[in-house]
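Down below is the structure, laid out as structure tokens.
Readers should treat all values here as calculations from the given coordinates under stated rules, not as data from a laboratory. Computed from a predicted structure; not experimentally measured. Ideal geometry is used to build each Cβ from the backbone, glycine not excepted, and the neighbour counts take in all protein chains shown.
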Amino acid sequence: MATLKELTHNQDRLAGGHRLCAGCGASIAVRQILLAAGDSPVVAGCATGCLEVSTTIYPYSSWRTPFIHNAFENAAATISGVEAAFKGLQRAGKVPADKKMKFIAFGGDGGTYDIGLQSLSGAMERGHDMVYVCYDNGAYMNTGIQRSSATPLGAWATTAEVGKAQKGKIQRRKDLTSIIADHGVPYAAQASVSHWKDLTMKAEKAFACEGPAFINVLSPCPRGWRSTPSKSIEIAKAGVQTGFWPLFEVENGVWRQTVKTPALKPIEEFLKPQGRFKHLFAPENADLLAAVQRGVDEYYAYIQRRCECEGE
């Protein structure tokens, strides 16, 4: 694995000066992941969303690599097609057989968990040599903070309001990382922008493996989370330390926790800095807060069991 000093010498493929919000986790995730690509040529694709809109406002682009913008639902299909075309050109002798190229797609949770799941699942099942990265900020942030299947239980969203009839989202979030791992892909992982070393290590593995790889990255959104921009990394770290977002990888079917947290902190430490959860701390919502804690504990225990049973 590359050291921090080595990574700083790699090409920064996402330039500064883009229009993503201060404290946005998406740009942090992209820069850390692409640093791990080393000197290899990279073709990047991006589903419609905050990342695409804010880095490619015509006539400008923040991408220092070939970049393809496609629709909300088909980032994985587009990049899998580019990868297939490249291999076709190699077979036809139009591209040297030993030429190496990396293919990567980025999408938010709306375009990955929901609208783009069919496209993503198909690309994973077909076995394309590509990396797919989800920057998970827990809602459709670009179109108005609507709830997605990644939105946590109890969170406020504009389509999961807080009032007499409902107290935020009433369903638990989808565990997409486990779903993709169960496709039998060579590499799937869950990471956080708060743990750069863990994230870049997983990105290196994803780029190095032959076949499809998937990384799901916890990416704070100050606008949608109703949080302070300067606290984004701190909040993401609390997500790991409370067990809300366990860090693990599944490499060739072997499950492993990459960052272990022996003594989990209470979920309140992750929730309190976020205004989207402020209603949970009203006395009348104590039962809902307890349900959120139970759900986090159950999910963390599930990941631990899979790592113990299907680990090395």
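Things worth noting here:
- Rough spin-label spacing in nm, given labels placed 7 Å along Cα→Cβ, for VAL53 and LYS272: 3.3
- Acute angle (nearest 10 degrees) that the helix 232-241 long axis makes with the longest principal axis of the chain, alpha-carbon atoms: 80
- Taking amide H positions as modeled 1.01 Å from N, with prolines and chain starts lacking one, the residues under 5 Å from ALA105 and 5 or more places away or on another chain are GLY45, VAL131, TYR132, VAL133.
- Set of lysines with alpha-carbon distance to LYS100 below 28 Å, sequence-local pairs under 8 removed: LYS5, LYS87, LYS197, LYS202, LYS205
- Rounded to whole Hz, the Karplus (6.51, -1.76, 1.60) HN-Hα couplings of the range 92-104, x for glycine and proline: 7, x, 8, 10, x, 5, 8, 6, 9, 8, 9, 10, 9
- Sequence-separation-based contact order of the chain, relative, with Cα cut under 8 Å and 6+ spacing, percent: 16
- [x] 62; [y] 55; [z] 69, with the label sought being that of the calculated percent of Cα pairs over 23 Å apart: [y]
- Near the amide H of HIS18, within less than 5 Å, lie no amide hydrogens of residues on another chain or at least 5 residues away, with H placed in the peptide plane.
- Sparsely packed loop sites in the range 142-212 (the trypsin sites (Lys or Arg not before Pro) outside DSSP H, G, I, E and B with at most 13 other Cβ atoms within 10 Å) comprise LYS164.
- Computed from phi, the 3J(HN,Hα) profile of the range 181-198 under the Karplus parametrisation 6.51, -1.76, 1.60 (θ = phi - 60°) reads 4, 6, 6, x, 6, x, 8, 9, 8, 10, 9, 9, 5, 6, 10, 4, 5, 5 Hz, with x in place of Gly and Pro.
- Under-5 Å amide H pairs with ALA160, H placed in peptide plane, nonlocal only: ARG147
- Residue-wise HN-Hα coupling along the range 23-30, computed from phi with Karplus coefficients 6.51, -1.76, 1.60 (Hz; x: Gly, Pro): x, 5, x, 4, 5, 5, 4, 4
- Per DSSP, loop trypsin sites (Lys or Arg not before Pro) in the range 229-312 with at most 13 further Cβ within 10 Å: LYS260
- Sites LEU89 and LYS260 - FRET efficiency at Förster radius 51 Å, r taken between beta-carbons, to 0.05: 0.70
- The label point for ALA97 and the one for HIS9, both projected 7 Å from the Cα toward the Cβ, are 3.3 nm apart.
- Peptide packing: for 51-58, 261-268, the average count of neighbouring Cβ atoms within 10 Å per residue gives the ranking 51-58, 261-268, highest mean first.
- Pairwise label distance in nanometres, SER40 with ILE179, each label 7 Å out on the Cα-Cβ vector: 2.7
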